[in-house]
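Enquirer: I have a structure here, written as structure tokens, and I will follow up with some questions on it.
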Number of protein chains: 2
Amino acid sequence: MALIVQKFGGTSVGSLERIEAVAELIIKTQQQGHQVVVVVSAMSGETNRLFNLAKHLDESPSARELDVLLSSGEQVSVALLAMAIIKRGHSAVSLLADQISIRTDNMFGRARVEHIDTRRLKQELEHNRIAIIAGFQGRDSEGNITTLGRGGTDTTAVEIAGVLQADECQIYTDVDGVYTADPRVVSGARRLNHINFSEMLELASLGAKVLHLRSVEAAGRYQIPLRVLSSFNPDNGTLISYKEEGMSDSPVTGIAANKDIVFYQFTASEASVLSQFLLALAKLKIDVDMLSQWSRQAAILGYAFTVQSNDHLAVLALLQSEPFAHKINDVVFELHQAKVSLVGLGIKSHPEILANALTVLAEQDIYPKLMSTAEIKATILVSEAQLHCAVNQLHVTFLP
Amino acid sequence: MALIVQKFGGTSVGSLERIEAVAELIIKTQQQGHQVVVVVSAMSGETNRLFNLAKHLDESPSARELDVLLSSGEQVSVALLAMAIIKRGHSAVSLLADQISIRTDNMFGRARVEHIDTRRLKQELEHNRIAIIAGFQGRDSEGNITTLGRGGTDTTAVEIAGVLQADECQIYTDVDGVYTADPRVVSGARRLNHINFSEMLELASLGAKVLHLRSVEAAGRYQIPLRVLSSFNPDNGTLISYKEEGMSDSPVTGIAANKDIVFYQFTASEASVLSQFLLALAKLKIDVDMLSQWSRQAAILGYAFTVQSNDHLAVLALLQSEPFAHKINDVVFELHQAKVSLVGLGIKSHPEILANALTVLAEQDIYPKLMSTAEIKATILVSEAQLHCAVNQLHVTFLP
């Protein structure tokens, strides 16, 4: 008998028919002899509907009240799912954040979980009742409703699995696992049966939609095995585990691609300019990526970096304002760039991978503008026009 | 400066435009120098929408989970109303049942309020913040969500007004007050500026839709003045107060009419049959009204009474089952009957009113089958076909 936490996202409970299918999936898990705790999102579309009501009243609505509003969506789905299970003759009970003391900080809209009281959950498990927990929501120390931001229900599920020391946290979503690359871009992309936690962390930080970075981080904190599966077609999905050995035959496990990148380069004669510039970007909450530096002449330093395209105008304005307008020269930028990242535990022990990647791309007349390597990741900047070709060539080479 | 509790029903907050209008009405009350606490229903249609979702999953859904589901409707409306007030530069805070400890018993779907903690509300009043309380909901001693049943938001408002010892509880609804009769039946019906609490209690118990009986009873327990007004056209409405003198020039204050009544009569030779029969009806939760008894012959007793038409088949079945089938004779029933009730504090000191009423009706060839008088009420049973004529004649006579 294992203790399994199952999380169902918005599309998984997006209609009454889906809720009934999920109820049966949960009951089946229990009938296989497992203990089950469930975490549920709002029905798909509901959070957007509520958000739009708020926006109609106030372009920037009260953050506290927005969380009160949005958290009602999960209250609806947990009640309906509990009803569907009870109708089928099994015991279930819906639980809101305050009923199991999901304590968070008071950052409305992006709160972090600080503590969860397990007593009520353990009681429900002892009575063989299926606890259906509202995801995405918490309560701060004053009893105000908070929400956990994007991917919040995944975070709730992982935190619940963590405090209960569950054997597995199953994230049911609308895709059936983690793929070697985006199947819409690479026709040969394959679902991975296993992936190492560190690899998943890299893929999530590169924006792979399947799991939100914060929930992967939380899983790592508790060392809880995560499994990504489809509630529409529940098979084995992808298991994210903490083993480092024998996970994969290939040094590369997956390839991530990110569009909407802007490439910048400039020169400066004072070395202190860069730190001033980075500080100014940080104040604007602009993330700088793939930063590199070179020395063009003796007294002149060259810099290159990338930002997301929605930060482009703010970066340009900053470069044209003092003190940078007078200290920075030769500014060049290029829109419509893309990052391709190879991720795999084998990369750190295979230093030839980046060289091989560059050789393969050169055969296609693709010459990256920037590249960077980290422990288990190698990233290359190409143009968006080259992205499809680059990802497919690299997939054929490293994940044949 | 007065402390005013304002309650807004579903149609009053039925759209974003209505919510904005209500926000302005609340702000105006505060700007007139009053302290304001607000209680809100779900947006109109929302409770029905949620109820239908539940019914789709289970014809008789879990009572606990139904309350979790339905109470989400008020969570939406309090958040939106608070946002609309904050947008206009005033302080407001939404509060759910658990945030002000609205403690109820554990009768899901029809819970009764046992206790409300006033500390948080008093804090908000001290800070001049408008508290926007979710109506209709409570929490039982185990922290389960409960709902208060029909008219629940009115009950919440009156209970809040009671524990805060408010100067007035204003019930904003879609009618602008209490009328001398149903304006759809009596063209000369007038809005009452004042009505006595006991009269209102009688009218509510006769099914006048404007206030639910339980909320009127609660107001009486706290001796809180109630005012019924329209949020669409807020004027003075009707004030329900506790004064007994000088409320009205006429001994009759209002006339209530109820259709869908079935008249029964039967005879029996044992006096004990009636009590057995009433006990059997009580077990079926059938309310018996206008019960009367007469002696037809020395040893034969005659009885007459009325029930609601939706109980008719159950009553018939009971009369045809043992022991009643053998003990009861001469059963007669008549469908499509109606009750007309005159209500007024003056009725107890004007015993001639019933006689006058019968005289007026006889002039129209209306001869009531049953009649009954109580302290401040006189009721007459006529056929539904006679109802319109009877009510209008009595209105002309007693409320000219």
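Enquirer: Would you confirm whether any residue within the range A:177-199 is within 14 Å of the chain's Cα centre (by Cα) and part of a loop (DSSP other than H, G, I, E, B)?
Expert: yes
Enquirer: Does the range A:275-326 hold any residues that are touching a Phe, Trp or Tyr at 6+ places or on another chain (Cβ under 8 Å), under 24 Å from residue A:382 (Cα atoms), open to solvent by 30 Å² or more (accessible area, probe 1.4 Å) and outside any strand (DSSP E or B), and which are they?
Expert: Residues satisfying the conditions are A:288, A:316.
Enquirer: Hey, another quick one. Kindly list, by first and then second residue, each pair from a residue in the range B:27-43 that is free of Cβ contacts under 8 Å to residues at least 24 places away in the same chain to a residue that is of a type in the set (A, V, I, L, M) and assigned to a strand (DSSP E or B), limited to pairs with Cβ atoms under 8 Å and residues at least 6 apart or on different chains.
Expert: Between residues of the range B:27-43 that are free of Cβ contacts under 8 Å to residues at least 24 places away in the same chain and residues that are of a type in the set (A, V, I, L, M) and assigned to a strand (DSSP E or B), there is no close pair.
Enquirer: Of everything in the range A:357-390, what is open to solvent by 70 Å² or more (accessible area, probe 1.4 Å) and closer than 25 Å to residue A:198 by Cβ? Give them in sequence order.
Expert: Selection gives A:371, A:373, A:375.
Enquirer: Checking residue B:118 against (1) farther than 21 Å from residue A:142 by Cβ; (2) open to solvent by 10 Å² or more (accessible area, probe 1.4 Å); (3) β-branched (Val, Ile, Thr), only one condition comes out false. Which one?
Expert: (1)
Enquirer: If you check B:170, B:137, which single one turns out to be in contact with a Ser or Thr (Cβ under 6 Å, 6 or more places away or on another chain) and within 19 Å of residue B:77 (Cα to Cα)?
Expert: None of the others qualify; the one that does is B:137.
Enquirer: Would you be able to say whether some residue in the range A:51-66 is over 28 Å from residue B:132 (Cα atoms), of a type in the set (A, V, I, L, M) and within 13 Å of chain B (Cβ to nearest Cβ)? Working first, answer last.
Expert: The first filter runs over the range A:51-66 and keeps only residues over 28 Å from residue B:132 (Cα atoms), leaving none.
Within the range A:51-66 (the criterion being over 28 Å from residue B:132 (Cα atoms), of a type in the set (A, V, I, L, M) and within 13 Å of chain B (Cβ to nearest Cβ)), the answer is no, since none of the residues qualifies.
Enquirer: If you don't mind, there's one more thing I want to ask. Kindly evaluate residue B:264 against the criterion of being under 30 Å from residue B:226 (Cβ atoms), touching a residue at least 24 places away in the same chain (Cβ under 8 Å) and aromatic (Phe, Trp, Tyr).
Expert: So residue B:264 does not fit the description; no.
Enquirer: Residue check: is residue A:338 of a type in the set (A, V, I, L, M) and either in a loop (DSSP other than H, G, I, E, B) or surrounded by fewer than 14 Cβ atoms within 10 Å (Cβ to Cβ) (or both)?
Expert: Spelling it out, it is not the case that residue A:338 is of a type in the set (A, V, I, L, M) and either in a loop (DSSP other than H, G, I, E, B) or surrounded by fewer than 14 Cβ atoms within 10 Å (Cβ to Cβ) (or both).
Enquirer: Considering the range A:93-107 alone, what residues qualify as being crowded, with 24+ Cβ neighbours inside 10 Å and within 7 Å of chain B (Cβ to nearest Cβ)?
Expert: Residue satisfying the conditions is A:94 alone.
Enquirer: From the list B:1, B:43, which one is closer than 18 Å to residue B:173 by Cα and either surrounded by 23 or more Cβ atoms within 10 Å (Cβ to Cβ) or more than 14 Å from chain A (Cβ to nearest Cβ) (or both)?
Expert: None of the others qualify; the one that does is B:43.
Enquirer: What number of residues in the range A:161-196 are at positive phi and buried (at least 19 other Cβ atoms within 10 Å of the Cβ)?
Expert: If we filter the range A:161-196 for residues that are at positive phi, which is where we start, we get A:165, A:177.
Restricting the remaining residues to those that are buried (at least 19 other Cβ atoms within 10 Å of the Cβ) gives A:177.
Residues in the range A:161-196 being at positive phi and buried (at least 19 other Cβ atoms within 10 Å of the Cβ): 1 in total.
Enquirer: Moving on. What number goes with the only condition from (1) among the charged types (D, E, K, R); (2) in contact with a strand residue (DSSP E or B) (Cβ under 8 Å, 6 or more places away or on another chain); (3) surrounded by fewer than 22 Cβ atoms within 10 Å (Cβ to Cβ) that residue B:199 does not pass?
Expert: Of (1) among the charged types (D, E, K, R); (2) in contact with a strand residue (DSSP E or B) (Cβ under 8 Å, 6 or more places away or on another chain); (3) surrounded by fewer than 22 Cβ atoms within 10 Å (Cβ to Cβ), only one is false for residue B:199: (3).
Enquirer: Let me ask something additional. Which residue is nearest to residue A:234 (Cα to Cα), if the candidates are limited to the range A:10-26 and must be open to solvent by 10 Å² or more (accessible area, probe 1.4 Å) and not in a helix (DSSP H, G or I)?
Expert: It comes out as A:11.
Enquirer: Based on this model, can you work out whether residue A:155 counts as buried (at least 21 other Cβ atoms within 10 Å of the Cβ), more than 13 Å from chain B (Cβ to nearest Cβ) and of a type outside the set (Asp, Glu)?
Expert: Yes: the conditions hold for residue A:155.
Enquirer: Right, next: Within the range B:112-126, is there a residue that is in contact with a strand residue (DSSP E or B) (Cβ under 6 Å, 6 or more places away or on another chain) and facing chain A (nearest Cβ under 10 Å)?
Expert: Within the range B:112-126 (the criterion being in contact with a strand residue (DSSP E or B) (Cβ under 6 Å, 6 or more places away or on another chain) and facing chain A (nearest Cβ under 10 Å)), the answer is no, since none of the residues qualifies.
Enquirer: Taking the criterion of being more than 18 Å from residue B:43 (Cα to Cα), open to solvent by less than 20 Å² (accessible area, probe 1.4 Å) and among the acidic types (Asp, Glu), would at least one residue in the range B:133-140 satisfy it?
Expert: Yes: the range B:133-140 contains one or more residues that are more than 18 Å from residue B:43 (Cα to Cα), open to solvent by less than 20 Å² (accessible area, probe 1.4 Å) and among the acidic types (Asp, Glu).
Enquirer: Working carefully through the options A:96, A:50, find the one that is more than 20 Å from the chain's Cα centre (by Cα) and touching a residue at least 40 places away in the same chain (Cβ under 8 Å).
Expert: A:96
Enquirer: Return the total of residues in the range B:47-92 being of a type in the set (Gly, Ala, Ser), surrounded by fewer than 24 Cβ atoms within 10 Å (Cβ to Cβ) and closer than 17 Å to residue A:68 by Cβ.
Expert: Of the residues in the range B:47-92, 1 are of a type in the set (Gly, Ala, Ser), surrounded by fewer than 24 Cβ atoms within 10 Å (Cβ to Cβ) and closer than 17 Å to residue A:68 by Cβ.
Enquirer: Here are B:250, B:272: which of them is in contact (Cβ under 8 Å) with a residue 40 or more places away in the chain and open to solvent by less than 60 Å² (accessible area, probe 1.4 Å)?
Expert: The conditions single out B:250.
Enquirer: Restrict the check to the range B:253-263 and report whether at least one residue is open to solvent by less than 50 Å² (accessible area, probe 1.4 Å), over 16 Å from residue B:203 (Cβ atoms) and in contact with a Phe, Trp or Tyr (Cβ under 7 Å, 6 or more places away or on another chain).
Expert: yes
Enquirer: Could you please tell me which pairs satisfy a Cβ distance under 6 Å, a separation of 6+ or placement on different chains, a first residue in the range B:80-92 that is more than 9 Å from chain A (Cβ to nearest Cβ), and a second residue that is assigned to a loop (DSSP other than H, G, I, E, B)?
Expert: B:91/B:129
Enquirer: Go through (1) touching a residue at least 60 places away in the same chain (Cβ under 8 Å); (2) crowded, with 24+ Cβ neighbours inside 10 Å and name the single condition residue A:150 misses.
Expert: The failed condition is (2).
Enquirer: Continuing with the same structure: Looking only at the range B:27-37, decide whether some residue is within 12 Å of chain A (Cβ to nearest Cβ) and open to solvent by less than 20 Å² (accessible area, probe 1.4 Å). Outline the logic, then answer.
Expert: Our first condition is that a residue be within 12 Å of chain A (Cβ to nearest Cβ); within the range B:27-37, this holds for none.
Checked against the condition, which is being within 12 Å of chain A (Cβ to nearest Cβ) and open to solvent by less than 20 Å² (accessible area, probe 1.4 Å), the range B:27-37 yields no hits at all.
Enquirer: Same structure again: Could we say that residue A:37 is part of a strand (DSSP E or B), more than 24 Å from residue B:76 (Cα to Cα) and assigned by TED's automatic domain parsing to the domain that holds residue A:212 here?
Expert: Values: part of a strand (DSSP E or B): yes; more than 24 Å from residue B:76 (Cα to Cα): yes; assigned by TED's automatic domain parsing to the domain that holds residue A:212: yes.
In short, yes.
Enquirer: In addition: What number goes with the only condition from (1) on the phi < 0 side of the Ramachandran plot; (2) at pLDDT below 95 that residue B:158 does not pass?
Expert: So residue B:158 meets the others, but not (2).
Enquirer: Condition first: of a type in the set (D, E, K, R) and crowded, with 17+ Cβ neighbours inside 10 Å. Now tell me which residues in the range B:206-227 satisfy that.
Expert: B:214, B:227
The values are calculated or read from the model by the stated rules, or taken from the named source; none is laboratory data. Everything quoted here is computed from the prediction, not taken from an experiment. A quick note on method: Cβ atoms are made from the backbone with ideal geometry, for glycine too, and the neighbour counts reach across all protein chains shown. What goes into the accessible areas is simple: the full protein's heavy atoms, side chains included, and nothing from ligands, DNA or RNA. Shrake-Rupley method; radii C 1.70, N 1.55, O 1.52, S 1.80 Å.
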